[in-house]
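Q: Before I ask anything, let me first share the structure, which is written out below as structure tokens.
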Amino acid sequence: MQPNGITFIISAPSGTGKTTVCKILKNKLPKLKFSVSHTTREPRDNEIDGIDYYFISENIFEEKIKHDKFIEWAKVYQYYYGTAFESIDSHKKNGDDVLIELDVQGAKSLRKLNYEAIFIFILPPSLKELEIRLRSRNTESESAIKDRLESSKNEVQQCKLYDYILTNIDVEETAENIISVIKAEHLRKELYKPTSLDLKNLIDQMENH
Ligand code: 5GP
């Protein structure tokens with residue numbers, strides 16, 4: 001029988017360090033599959049099409065919306081971002097754990113659909129620290145930084161939508177904490193599979209009482 005894969009959703013205000021944390025997770029958990037989102041924003045210098053995102057035009061994105069290709073999509077900072085069914089279905093069919101990075105709007109859409117997943121939110125240590133990190137990243141214009149800081153406040157206020165809230169003080173530690181969450185979720189009783197017939201029989205007897 002195929003093991004049960006779990007879907008993990010990760011959100012964080014822009015600049016919190018989510019991408020770095022996810023890179024560490026990729027190295028430490030080679031079996032964890034990452035969903036590659038579609039976006040209409042331009043690739044950053046170090047980003048690769050098909051690995052970081054599928055970079056597509058607005059027209060193509062809107063066509064995909066029309067044809068229900070996305071399990072969720074949102075407009076974030078004037079660009080479209082979306083998770084295609086195609087990007088997660090094959091992993092789920094194989095019984096793999098899947099990690100989806102999305103913003104709060106996307107997480108809300110999935111909650112509305114009662115989407116079965118574990119929702120993890122990463123917070124920066126403070127808004128001041130977030131601003132420092134965003135500026136030192138040197139990837140956004142001044143107005144984009146201001147936009148991102150403004151939406152961060154709104155996002156932070158919605159962190160209670162999530163099952164787990166972590167503060168990213170140190171990226172390695174945050175990655176380890178996420179690994180702990182992943183391990184703990186696999187130990188839930190719903191996923192327990194008896195490892196011997198005597199245990200199975202005993203548990204079945206209990207359940208029939
Ligand atoms: P960035 O442009 O910095 O890569 O991402 C901007 C925001 O879009 C981040 O909050 C990121 O989590 C979010 N995002 C990335 N992919 C998706 C997606 O597929 N759906 C939604 N709703 N948000 C996404």
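The values are calculated or read from the model by the stated rules, or taken from the named source; none is laboratory data. Everything numeric here is computed off the predicted structure, so don't read it as measured data. Here Cβ is always computed from backbone atoms with ideal geometry, including for glycine, and neighbour counts include all displayed protein chains. Remember, those area values only see protein heavy atoms, side chains included, never the ligands or the DNA or RNA. Shrake-Rupley method; radii C 1.70, N 1.55, O 1.52, S 1.80 Å.
Q: Along the charge dipole of region 131-178, pointing to its positive end and built from +1/-1 on Cβ of Lys, Arg, Asp and Glu, which listed residue (SER152, ILE165, ASN177) has its Cα farthest out?
A: Sorting the options by dipole projection puts first SER152.
Q: A further question on this structure: Relative contact order (percent) for region 21-164, with alpha-carbon contacts under 8 angstrom and 6 or more residues of separation?
A: Worked out over region 21-164, it gives 22 percent.
Q: A further question follows. Taking the Cα centre of region 95-209 as the origin, how large is its charge dipole in debye, to the nearest 20, when only Lys and Arg (+1) and Asp and Glu (-1) carry charge on their Cβ atoms?
A: On the way: 16 positive and 22 negative charges, 75 e Å.
The dipole of region 95-209 has a size of about 360 debye.
Q: Oh, and also: Percent relative contact order of region 40-87, based on C-alpha pairs within less than 8 angstrom and at least six residues apart? Don't skip to the end; give the middle numbers.
A: Working: 41 pairs, mean separation 15.5, N = 48.
About 32 percent, as a whole number.
Q: Which links in LYS66/LYS153; LYS33/LYS112; LYS18/LYS108; LYS28/LYS92 stretch past 29 Å when you go from one Cα to the other?
A: Details: LYS66/LYS153 31 Å; LYS33/LYS112 24 Å; LYS18/LYS108 18 Å; LYS28/LYS92 20 Å.
Beyond 29 Å: LYS66/LYS153.
Q: Only bridges whose two residues both fall in the chain count here: according to DSSP, what percent of them are antiparallel, nearest 5? Each step should come with its number before you reach the end.
A: Values: 8 of 25 bridges.
Beta bridges within the chain, antiparallel portion: roughly 30 percent.
Q: Express the carbon and sulfur contribution to the solvent-accessible surface of region 37-78 as a percent, rounded to the nearest whole number, probe 1.4 angstrom. Could the numbers behind the result be given before it?
A: Working: 1270 of 2750 Å².
Answer for region 37-78 is 46 percent, counting heavy atoms of protein chains only.
Q: Let me check I've understood the local charge: for PHE61, count other residues with C-beta under 15 angstrom from its C-beta, Lys and Arg +1, Asp and Glu -1. What total comes out? Provide the component values of the computation, followed by the final result.
A: On the way: positive: ARG41, LYS64, LYS66, LYS69, LYS75; negative: GLU42, ASP49, GLU58, GLU62, GLU63, ASP68, GLU72, GLU86.
So the surrounding residues net to -3.
Q: Right, here's the next one. Give me the percent relative contact order of region 1-93, please, defined on Cα pairs under 8 angstrom at least 6 residues apart. Before the final figure, lay out the partial values.
A: Numbers: 83 pairs, mean separation 23.7, N = 93.
Answer for region 1-93 is 25 percent.
Q: Compactness ratio of region 94-209: Cα Rg over 2.2 N^0.38 Å, N = residue count? Kindly include the intermediate steps, with their values, before the conclusion.
A: Values: Rg = 19.8 Å, N = 116, 2.2 N^0.38 = 13.4 Å.
So region 94-209 has a normalised radius of gyration of 1.48.
Q: Can you give the angle from 0 to 90° between the axis of helix 171-186 and the longest principal axis of the chain, with both taken from C-alpha atoms, to the nearest 10?
A: The angle comes out at about 30 degrees.
Q: Per-residue HN-Hα couplings for region 188-196, Karplus 6.51 cos²θ - 1.76 cosθ + 1.60 at θ = phi - 60°, whole Hz, x for Gly and Pro?
A: 3J(HN,Hα) across region 188-196, in whole Hz: 4, 4, 4, 9, 5, 10, x, 9, 8.
Q: Share of antiparallel DSSP beta bridges in region 47-169, in percent to the nearest 5?
A: Values: 6 of 11 bridges.
Rounded to the nearest five, the antiparallel share is 55 percent.
Q: Would you mind pulling out the separation of the Cα centroids of region 71-101 and region 160-185, in Å?
A: 20 Å
Q: Taking only protein heavy atoms and a 1.4 Å probe, what accessible area per residue, in Å², does region 5-156 have with all protein chains in place? Mind dumping the intermediate values first?
A: Values: 8060 Å² over 152 residues.
Per-residue accessible area for region 5-156 comes out at 53 Å².
Q: If you look at just the Cα atoms of the chain, how large are its Rg and its Dmax in Å?
A: Every Cα atom of the chain included, Rg and Dmax give 19.0, 65 Å.
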